[in-house]
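Worksheet: the structure to be examined is printed underneath.
The values are calculated or read from the model by the stated rules, or taken from the named source; none is laboratory data. Nothing here was measured: the structure is a model prediction, and the numbers come from that model. Cβ placement follows ideal geometry from the backbone for every residue including glycine, while neighbour counts extend to all protein chains displayed.
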Amino acid sequence: MEKLIFIKYGELTTKKGNRNVFIKRLTNNIKSILGNINYKMKSDRSRIYIETIYIDEVVNKLKNIFGIHSIVVAYKVDNNTDIICDTVLELIENLSFNTFKIDTKRALKSFEIHSMDFNKIVATKILKNKSVKVDVHNPDILIKIEIRQEGTFIYFNEIKGLGGYPVGIQGKSLLMLSGGIDSPVAGYLALKRGVDLECLYFESPPHTSEMAKNKVIELANIINKYSGSIKVNIVPFTKIQETILKNTKEEYIITIMRRMMYRIAEKLAKKKKMQVIFNGESIGQVASQTLSSMNVINNVCNIPVIRPVACMDKLEIIDIAKKIGTYETSILPYEDCCTVFVPKHPVINPTIEKCELYEANFDYDSLIDDAINNIEVITNLEKKYEDIL
């Protein structure tokens, strides 16, 4: 009897001819996340098998990897009826239960006994050795048996995985990451669809504090456990923001500021050969996120902007933030540059014509180029976060 882990693919099984590409990406991501843990791994079109003595540690890491439908800790034996029955008896010997059910799947069709008949054989063996009953509707324990070409696998539970696609299978994109609740959730949802991410954060010292910057690094570090390869690009935004304040009517400050951010995001994305920008905008949540505002702000950008939380209400977003572990950090009271200069009455129906009129008052192209040329890139998030602490 051999104890091991196997992984079920879920959505990856719908990929038909491209399935092997998805499986290869998933196995590479698993290798990256497992790091220096000692293990052996092999895969086929149905499963990934991992042999290790560090079962619990590996399972905990697999729970954070997208592309996995479920994780199973199983016991592998030969495809022999007596061996299978004896192993089941050994595994349940010290378990306390009154009712049970056997669920056999016979993937190996050359195995001589059909699934329903095999259920009865194993159940009969248990009934002869323990004072328990069969309950096919609501059993205390469910004993699963999979008979496959490579052997028979016996297990009791499946651990639900994150699902989605392996990170990186859809390429890399730029996430506009603020210190709020929404954008880390948007990043998590992008990762779930197989998009690898770099983050973009705008800092404006002395108007924003070092703690605000550290907060964003911590948020990136938290969502990085679902990726393992996230970088943070920190844009110096002070000159641009102060120039906007001097040359723009108060109600248009946020609109113009967001247009500058989009211009920077697009230039950086193209420089890094990324095709898409992600952000945490949610329709109607603030003045810059009305449909009119989003249209005017988006007007400066010629590549797609994807907003994963656009149609969620705040409570739905908060629920996800709590689940992924970003909420408590997001609510720390350190303002970012999107909140420090919010006017009392920001425009909710801006026009492109007025934006262009205000923007003509200053040379924003040179300011943008200067900001991009002075970006600070943080690559080792975990080390950076340890330094902050």
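Select from the stretch 350-377 the residues that are within 34 Å of the chain's Cα centre (by Cα), not in a helix (DSSP H, G or I) and not charged (D, E, K, R) and write down the one among them that is surrounded by the most Cβ atoms within 10 Å (Cβ to Cβ).
Among residues in the stretch 350-377 that are within 34 Å of the chain's Cα centre (by Cα), not in a helix (DSSP H, G or I) and not charged (D, E, K, R), the one surrounded by the most Cβ atoms within 10 Å (Cβ to Cβ) is 375.
Is it true that some residue in the stretch 242-249 is surrounded by fewer than 21 Cβ atoms within 10 Å (Cβ to Cβ), of a type in the set (Lys, Arg) and out of contact with any Cys (no Cβ under 9 Å at 6 or more places or on another chain)?
Yes, the conditions are met somewhere in the stretch 242-249.
What residue, among those in the stretch 291-334 that are touching a residue at least 40 places away in the same chain (Cβ under 8 Å) and of a type in the set (Gly, Ala, Ser), is farthest from residue 177 (Cα to Cα)?
292
Quick one: would you say residue 158 is out of contact with any helix residue (DSSP H, G or I) (no Cβ under 8 Å at 6 or more places or on another chain) and loosely packed, with under 15 Cβ neighbours inside 10 Å? Walk me through it before giving the result.
Values: out of contact with any helix residue (DSSP H, G or I) (no Cβ under 8 Å at 6 or more places or on another chain): yes; loosely packed, with under 15 Cβ neighbours inside 10 Å: no.
It is false that residue 158 is out of contact with any helix residue (DSSP H, G or I) (no Cβ under 8 Å at 6 or more places or on another chain) and loosely packed, with under 15 Cβ neighbours inside 10 Å.
Step by step: first the residues of the stretch 116-140, then only those that are buried (at least 17 other Cβ atoms within 10 Å of the Cβ), touching a strand residue (DSSP E or B) at 6+ places or on another chain (Cβ under 7 Å) and not aromatic (Phe, Trp, Tyr), then the one that is nearest to residue 93 (Cα to Cα). Which residue is that?
Result: 126.
Report yes if some residue within the stretch 197-205 is part of a loop (DSSP other than H, G, I, E, B) and either modelled with pLDDT of 95 or more or not assigned by TED's automatic domain parsing to the domain that holds residue 239 (or both); otherwise report no.
The answer is no; no qualifying residue exists.
Going by what's in this entry, would residue 225 be described as touching a Leu at 6+ places or on another chain (Cβ under 6 Å) and among the charged types (D, E, K, R)?
When the stated conditions are applied, residue 225 does not pass them.
Can you tell which of 194, 163 is surrounded by fewer than 17 Cβ atoms within 10 Å (Cβ to Cβ), of a type in the set (Gly, Ala, Ser) and on the phi > 0 side of the Ramachandran plot?
Of the residues listed, the single one that is surrounded by fewer than 17 Cβ atoms within 10 Å (Cβ to Cβ), of a type in the set (Gly, Ala, Ser) and on the phi > 0 side of the Ramachandran plot is 163.
Given the condition charged (D, E, K, R) and free of Cβ contacts under 8 Å to residues at least 60 places away in the same chain, answer yes or no: does some residue in the stretch 209-224 qualify?
yes
Could you tell me which numbered condition residue 108 fails, if it satisfies all but one of (1) modelled with pLDDT of 95 or more; (2) in contact with a strand residue (DSSP E or B) (Cβ under 6 Å, 6 or more places away or on another chain); (3) over 30 Å from residue 273 (Cβ atoms)?
Residue 108 satisfies all of (1) modelled with pLDDT of 95 or more; (2) in contact with a strand residue (DSSP E or B) (Cβ under 6 Å, 6 or more places away or on another chain); (3) over 30 Å from residue 273 (Cβ atoms) except (1).
Give just the number: which of (1) over 30 Å from residue 222 (Cα atoms); (2) at pLDDT 95 or above; (3) not basic (Lys, Arg) does residue 173 not satisfy?
In the conditions (1) over 30 Å from residue 222 (Cα atoms); (2) at pLDDT 95 or above; (3) not basic (Lys, Arg), residue 173 misses (1) alone.
Just to be sure before I move on: is residue 70 under 18 Å from residue 46 (Cβ atoms), without any contact (Cβ under 8 Å) to a residue 40 or more places away in the chain and surrounded by 15 or more Cβ atoms within 10 Å (Cβ to Cβ) in the structure I sent?
Details: under 18 Å from residue 46 (Cβ atoms): yes; without any contact (Cβ under 8 Å) to a residue 40 or more places away in the chain: no; surrounded by 15 or more Cβ atoms within 10 Å (Cβ to Cβ): yes.
Here the answer is no, as residue 70 does not meet what is asked.
Find the residue count for the stretch 169-226, including only residues that are under 10 Å from the mean Cα position of the chain (by Cα) and charged (D, E, K, R).
Count: 4.
Rundown of residues vs (1) over 27 Å from residue 209 (Cβ atoms); (2) among the basic types (Lys, Arg); (3) modelled with pLDDT under 85, yes/no style:
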{"residue": "303", "(1), (2), (3)": "yes, no, no"}
{"residue": "306", "(1), (2), (3)": "yes, no, no"}
{"residue": "310", "(1), (2), (3)": "yes, no, no"}
{"residue": "319", "(1), (2), (3)": "yes, no, no"}
{"residue": "329", "(1), (2), (3)": "no, no, no"}
{"residue": "339", "(1), (2), (3)": "no, no, yes"}
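Of the conditions (1) more than 27 Å from residue 227 (Cβ to Cβ); (2) of a type outside the set (A, V, I, L, M); (3) within 32 Å of the chain's Cα centre (by Cα), residue 328 satisfies every one except a single condition; which number is it?
Status for residue 328: all satisfied but (1).
So which residues in the stretch 200-212 are surrounded by fewer than 22 Cβ atoms within 10 Å (Cβ to Cβ) and not polar (S, T, N, Q)?
Once the filter is applied, which keeps residues that are surrounded by fewer than 22 Cβ atoms within 10 Å (Cβ to Cβ) and not polar (S, T, N, Q), the stretch 200-212 yields 203, 205, 206, 207, 210, 211.
Can you tell me which of 21, 58 is of a type outside the set (D, E, K, R), outside the structural domain of residue 196 (by TED's automatic domain parsing), crowded, with 19+ Cβ neighbours inside 10 Å and in contact (Cβ under 8 Å) with a residue 40 or more places away in the chain? Spell out the reasoning first.
Values: 21 fails: crowded, with 19+ Cβ neighbours inside 10 Å.
Residue meeting the stated conditions: 58.
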